[in-house]
Amino acid sequence: MKKRAFLKGLTGLGLSTPLTFKHLDELMLSIGHLSDNTLAKHEDYWLKIRADYRLKSDYINLENGFYCIMPKYIEDHYIKHIKEINFQGSYYMRTVQMENKKISASRLSKMAGCLPEELIITRNATESLDLVIQGQKWKKGDEAIMAAQDYGAMRNQFILMEHRFGISVREVSIPNHPKNDEEIVKLYESVITPKTRLLMICHMVNITGQIMPVQKICDMAHRYGVRVLVDGAHAFGHIQFSIQDLHCDYYGTSLHKWLSVPLGAGFLYVNKDQISDLWPLFAEGSRDSADISRLNHIGTHPVQTDLSIINAIDYHNKIGGSRKEARLRYLQKYWTDQVRDLPRVLVNTPVEPKRYCAIGNVGIETIDPADFSKQLLDDYKIWTVAINRPGVRGLRITPNLFTTTKELDILVKAIKELST
């Protein structure tokens with residue numbers, strides 16, 4: 001069988017045709033006249049979206065920042081991919097596996113706003129970002145910059161580079177409530193030296209949800225000849241943006257978070273001018289140094305996840321990225337507005353709309369975050385996660401499209417009762 005004919009036969013895997021969502025098509029016709037912000041408050045509409053998910057009744061899930069569960073459409077296609085690949089076995093793996101992965105990567109690059117030759121599918125944001133950190137051609141005395149609030153795996157990778165290559169890592173602490181973008185830009189600028197090689201920043205701080213002024217930081221760093229790595233684990237599929245507009249050199253993200261891809265997928269963007277300067281994570285044969293695929297040699301992996309990426313993008317597009325962002329921003333504002341001014345309550349997420357979306361963080365002065373989390377689960381059946389990091393003591397609250405305002409009312413009630 002010719003490869004072209006074989007690919008054509010894979011339309012059932014969701015590679016060549018978009019998913020059809022009859023009920024969503026009908027829903028879209030009914031709300032097409034509404035603005036994104038108006039629709040964000042339309043509870044009846046979002047209850048119909050909620051019906052697309054299988055949800056446990058044991059608790060209210062407000063910890064979607066770790067892993068956003070799949071709607072049934074993506075889950076069903078994922079299971080279909082598993083069965084089909086198991087049916088075809090090594091024939092699939094030795095014929096069109098890599099070509100199909102390129103198709104998925106191309107769809108991702110279109111959504112991300114970059115060239116297909118600048119993006120590879122990885123297994124998660126940690127792999128993507130660590131590949132860049134360990135892939136630098138470090139020399140003893142080189143410096144890197146990161147924040148105390150950055151994700152732990154990246155911090156550990158930089159520590160490893162300190163031990164292995166003798167580099168130094170300079171650290172800043174991001175204010176939870178910055179006065180303006182310039183305060184943050186100057187904070188990073190203040191620790192740049194002639195030895196600085198790489199600066200890492202979060203697009204969206206994972207523990208507070210603060211959206212960072214990425215483009216301004218990148219432009220500032222480039223004036224000093226410093227490359228910028230962006231941790232976008234919580235931004236992609238969450239807020240609307242184009243990588244080209246960020247002006248960054250590298251961007252890594254997980255797809256199992258806000259795009260709701262099955263576990264085991266992320267991507268790495270590398271500006272085409274920087275690809276040749278990175279060492280791969282695993283050894284690869286002779287390859288053009290400017291070919292980003294030389295960074296993507298990871299051996300045999302769960303290829304059904306690669307196929308599900310297209311299904312997840314189709315579902316995201318059917319809902320509408322801007323509609324999704326508006327709803328997620330509305331949900332966070334809905335509950336934080338009710339608790340920001342309460343005595344002994346600390347909301348660690350900025351109040352300005354451009355600095356937040358779904359993720360919020362709240363603490364109670366008199367309660368340890370771990371105890372706060374336990375009380376929410378034991379007494380109110382709310383599942384969330386405790387954060388106890390420099391400058392951030394509280395719970396990370398991450399609703400999703402299936403979250404209702406009635407569920408958030410229970411959270412608000414709990415915060416009011418526990419803080420008195």
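Considering each residue of the stretch 290-310 in turn, at least one proves to be in contact with a strand residue (DSSP E or B) (Cβ under 6 Å, 6 or more places away or on another chain) and part of a loop (DSSP other than H, G, I, E, B). Of the residues examined, residue 93 is one that is touching a residue at least 24 places away in the same chain (Cβ under 8 Å), over 27 Å from residue 411 (Cβ atoms) and aliphatic (A, V, I, L, M). So residue 112 fits all but one of (1) among the small types (Gly, Ala, Ser); (2) without any contact (Cβ under 8 Å) to a residue 60 or more places away in the chain; (3) on the phi < 0 side of the Ramachandran plot; what number is the exception? Only one criterion in (1) among the small types (Gly, Ala, Ser); (2) without any contact (Cβ under 8 Å) to a residue 60 or more places away in the chain; (3) on the phi < 0 side of the Ramachandran plot is unmet by residue 112, namely (2). Within the stretch 22-68, if we keep just the residues that are exposed (fewer than 14 other Cβ atoms within 10 Å of the Cβ) and polar (S, T, N, Q), the residue that is farthest from residue 329 (Cα to Cα) turns out to be 57.
If you go through the stretch 200-220 and pick out every residue that is closer than 30 Å to residue 66 by Cα and either more than 19 Å from the chain's Cα centre (by Cα) or assigned to a helix (DSSP H, G or I) (or both), you end up with 5.
Does the stretch 146-173 hold any residues that are buried (at least 16 other Cβ atoms within 10 Å of the Cβ) and in contact (Cβ under 8 Å) with a residue 60 or more places away in the chain, and which are they? The answer is 149, 150, 151, 154. Candidates are the residues of the stretch 392-418 that are among the aliphatic types (A, V, I, L, M) and within 18 Å of the chain's Cα centre (by Cα); the one that is surrounded by the most Cβ atoms within 10 Å (Cβ to Cβ) is 397. Can you tell me which residue within the stretch 331-352, out of those that are assigned to a helix (DSSP H, G or I) and free of Cβ contacts under 8 Å to residues at least 24 places away in the same chain, is surrounded by the fewest Cβ atoms within 10 Å (Cβ to Cβ)? The extreme case among them is 337.
Set side by side, the residues 143, 127 differ, and just one is more than 18 Å from residue 268 (Cβ to Cβ), assigned by TED's automatic domain parsing to the domain that holds residue 293 and either buried (at least 21 other Cβ atoms within 10 Å of the Cβ) or modelled with pLDDT of 95 or more (or both), which is 143. Scanning the stretch 242-279 for residues that are in a loop (DSSP other than H, G, I, E, B) and surrounded by fewer than 20 Cβ atoms within 10 Å (Cβ to Cβ) returns 242, 247, 263, 264, 271, 272, 273, 274, 279. Sort through 285, 237 and tell me the only one that's surrounded by fewer than 20 Cβ atoms within 10 Å (Cβ to Cβ), assigned to a loop (DSSP other than H, G, I, E, B) and outside the structural domain of residue 327 (by TED's automatic domain parsing). Criteria check complete, one pass: 285. Scanning the stretch 39-86 for residues that are aliphatic (A, V, I, L, M), under 21 Å from the mean Cα position of the chain (by Cα) and not in a helix (DSSP H, G or I) returns 62, 69, 70. Residue 72: touching a helix residue (DSSP H, G or I) at 6+ places or on another chain (Cβ under 9 Å) and not small (Gly, Ala, Ser), yes or no? No; evaluated as a whole, the condition is false for this residue.
The values are calculated or read from the model by the stated rules, or taken from the named source; none is laboratory data. The model shown is predicted, which means the values in this text are computed figures rather than measured ones. Cβ sites come from the backbone with ideal geometry, for glycine too, and all protein chains shown count toward neighbours.
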